[in-house]
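Working notes, structure below.
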Amino acid sequence: MYIQEIHFAMVKSFTGVRRAPKKEIQQIVAEDYMTSKLVTFRPDQNIGEVFEMLINKNISGGPVIDESGKLVGVISEGDCLKEIVRGKYNNSPNKAGVVSDHMVSDVHTISPNMPILEVAHQFLELKVRRFPVMREGKLVGQISQRDVMRAVRELKHQTW
């Protein structure tokens, strides 16, 4: 029995410890693809102004912040269209409402350090088109579904 143990030890040391080949692990996070130069809106802002800004800036929505800079909601093209359609009953598009009357105030936010594939999962689960990105309670950016698609396009398929 003593000889077998020595023989086993010799074989073990002969083959050495096998290590799996190292893979490059990509850690792309929301901060890498978010927009940090935000177009923001105010709760008391006229829907007509928002409507024009969305068209002129070629965006589909954005965060609503109060006078202290606190995130209080998100306004989108769809929110603006609802107000405009209401004007149909008056025989003219109504763009006189204010953002606070139409914005979504129950806003889901994410951390700038959230992995991009987790962000994609959150988009699918929550069925939203954009997330405000918050760091320590402060709005630092926004990420959209399109931003996530750009990030995924750049991922190397073997590191998923």
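Okay, here's what the table says:
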item	result
Whichever residue in segment 96-110 is in a helix (DSSP H, G or I) and not aliphatic (A, V, I, L, M) and, among such residues, is modelled with the highest pLDDT	S100
Selection within segment 120-160 - in contact with a strand residue (DSSP E or B) (Cβ under 8 Å, 6 or more places away or on another chain), under 16 Å from I65 (Cβ atoms) and at pLDDT below 95	R130
Verdict on V133 being closer than 17 Å to D147 by Cα, part of a strand (DSSP E or B) and in contact with a helix residue (DSSP H, G or I) (Cβ under 6 Å, 6 or more places away or on another chain)	yes
Qualifying residue in segment 98-117 (condition: among the acidic types (D, E), within 24 Å of I65 (Cα to Cα) and touching a helix residue (DSSP H, G or I) at 6+ places or on another chain (Cβ under 7 Å))	no
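The values are calculated or read from the model by the stated rules, or taken from the named source; none is laboratory data. Computed from a predicted structure; not experimentally measured. Reconstructed Cβ throughout: ideal geometry from the backbone, glycine too, with neighbour counts over all protein chains shown.
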